[in-house]
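Taking it in order: structure first as structure tokens, then the write-up.
Bear in mind that the values in this text are calculations on the coordinates, not laboratory data. Because the structure is a prediction, the values reported are computed rather than measured. With ideal geometry, Cβ positions are generated from the backbone for all residues, glycine too; neighbour counts draw on all protein chains shown.
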């Protein structure tokens with residue numbers, strides 16, 4: 001039974017893709033203050049697990065609970081408390097860096113003028129009026145991640161957040177994750193890099209590549 | 001739990017509408033492709049059939065409506081494909097507001113970009129086809145309430161096929177049969193108007209189609225998107 005401070009818990013999840021069982025009867029729990037790294041080789045089902053936790057995919061069996069209620073019963077409340085950034089950045093090339101960020105901030109109820117200051121946090125000052133189609137993959141990801149600096153939502157689910165981000169950027173993100181966890185948030189992420197975060201703070205869920 | 005000041009349904013709708021219109025205005029292909037297709041198809045008919053006024057005015061309603069229908073079909077792909085490909089669609093599905101509000105905003109933006117320009121250009125092209133002068137009112141009314149129906153029904157088809165790599169053929173097969181009632185009643189209304197008879201019956205049916213698709217399509221699209229992105 002999950003303890004009372006569990007934000008999110010997964011109950012006996014089974015995921016099947018292309019007739020292959022990715023994971024079976026997986027139960028895990030995410031509490032306030034947790035930084036959880038989902039580890040495993042390519043094709044082990046890391047992204048599938050994150051998508052199920054975010055409510056984007058349905059598991060073959062099992063259920064995800066948010067505040068001890070099944071996810072499908074309180075989707076709107078869950079989405080108010082969730083930030084998910086997938087491995088696609090969700091950045092429109094036709095809009096400028098600032099417009100892209102301002103849109104996502106506005107959808108969270110934050111004022112659009114916060115965008116300019118937030119771009120400074122991800123080292124994109126000077127690019128705010130550049131169309132995103134003129135920026136690099138790493139800069140796209142920075143725009144997508146920039147909203148985390150303004151984010152008041154407790155649950156962060158991040159799929160490969162460090163892809164295409166430079167060393168200094170990774171360091172800044174790691175500091176942000178620790179800060180967020182200290183304030184009672186919860187970060188769930190996948191990455192192939194070793195986290196330079198104090199090992200006591202990080203929990204790891206290891207997914208294995210299951211041979212049929 | 002933390003209470004967050006989330007935007008109201010109306011604010012979310014306006015944000016989405018503004019975003020889609022901004023993107024379309026910067027990506028001018030979205031506007032000009034269907035419009036140019038519409039103009040080219042309609043102008044080719046007098047060239048192919050010959051300039052005889054009586055033949056042209058007989059087939060004018062059908063040509064204009066079929067061209068409008070195909071122009072809409074051509075533009076449908078843009079509705080969700082680009083957002084699906086760059087990950088924006090995932091983000092939209094996780095917005096705290098119900099998905100149908102976002103979907104409604106996107107469909108209305110699509111109509112403003114592709115349907116509305118057709119309505120402005122249609123009377124000019126009708127002159128080229130010697131459309132009966134009594135029929136102009138009917139042409140405008142049927143286009144005004146008929147083209148949104150095309151966008152709403154088309155959105156369901158796109159939402160169902162968005163996850164498929166080459167869904168173009170499938171999309172036509174799903175959507176075109178559903179467009180036929182609009183085509184039949186719209187051309188019938190224009191023909192009836194040419195004979196100086198009341199055409200309110202046909203318009204009422206298109207109106208019913210409009211309100212049905214306006215109220216129900218966003219829910220169908222939301223459900224289809226959830227399946228497609230699963």
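What is the angle, in °, between the Cα long axis of helix B:168-194 and the longest principal axis of the Cα atoms in chain B? Nearest 10 is fine, range 0 to 90. Taking the Cα atoms of chain B, the angle to B:168-194 is about 40 degrees. Once the chain from residue B:32 to residue B:5 is taken as fully extended at 0.36 nm per residue, the excess over their C-alpha distance is 5.8 nm. Take the Cα coordinates of chain A, assign each an equal point scatterer, and use the Debye formula without solvent to give log10 I(q)/I(0) at q = 0.14 Å⁻¹. The calculated log intensity ratios at q = 0.14 Å⁻¹ are -0.86.
Percent relative contact order of chain A, based on C-alpha pairs within less than 8 angstrom and at least six residues apart?
30
Spin-label pair residue A:39-residue B:77: with each label point 7 Å from Cα along the Cα-Cβ axis, the two points sit 4.4 nm from one another.
Percent relative contact order of chain B, based on C-alpha pairs within less than 8 angstrom and at least six residues apart? Don't skip to the answer; put the middle values down first.
Details: 251 pairs, mean separation 59.4, N = 230.
In percent, rounded to a whole number, it is 26.
For segment A:1-86, averaging the sequence separation of C-alpha pairs within contact (under 8 Å, six or more residues apart) and dividing by the residue count gives a relative contact order of 33 percent.
With both labels modelled 7 Å from their Cα along Cα-to-Cβ, the residue B:223 to residue A:203 distance reads 3.7 nm. Peptide B:96-103 is shielded by partner chain Cβ atoms: per residue, an average of 3 of them sit within 10 Å of its Cβ. Computed from Cα positions, the angle between helix A:97-107 and the longest principal axis of chain A comes to roughly 50 degrees. In this calculation the C-beta distance from residue B:52 to residue B:184 is compared with R0 = 35 Å, giving a FRET efficiency of 0.85. Across chain B, the convex hull enclosing all Cα atoms gives 124 Å³ per residue.
If you run the Gaussian network model on chain B, springs between alpha carbon atoms under 10 Å, then out of B:124, B:175, B:103 the most flexible one is B:124.
For segment A:83-191, the pair-distance distribution built from all alpha carbon pairs, in bins 5 Å wide starting at 0, is 2, 13, 25, 26, 22, 9, 2, 0 percent.
Can you work out the FRET efficiency for the pair residue B:170 and residue A:163, with r the C-beta to C-beta distance and R0 = 22 Å, to the nearest 0.05? Walk me through the numbers on the way to the answer.
Details: r = 33 Å, r/R0 = 1.48.
For residue B:170 and residue A:163, the calculated efficiency is 0.10.
In this calculation the C-beta distance from residue B:127 to residue B:18 is compared with R0 = 51 Å, giving a FRET efficiency of 0.90. In plain terms, the bigger the Kirkwood radius, the slower the diffusion; for segment A:1-110, with that radius from Cα pairs, at 20 °C and 1.002 mPa s, Stokes-Einstein puts D at 137 µm²/s. The C-alpha atoms of chain B define a longest principal axis, and helix B:116-128 lies at about 10 degrees to it.
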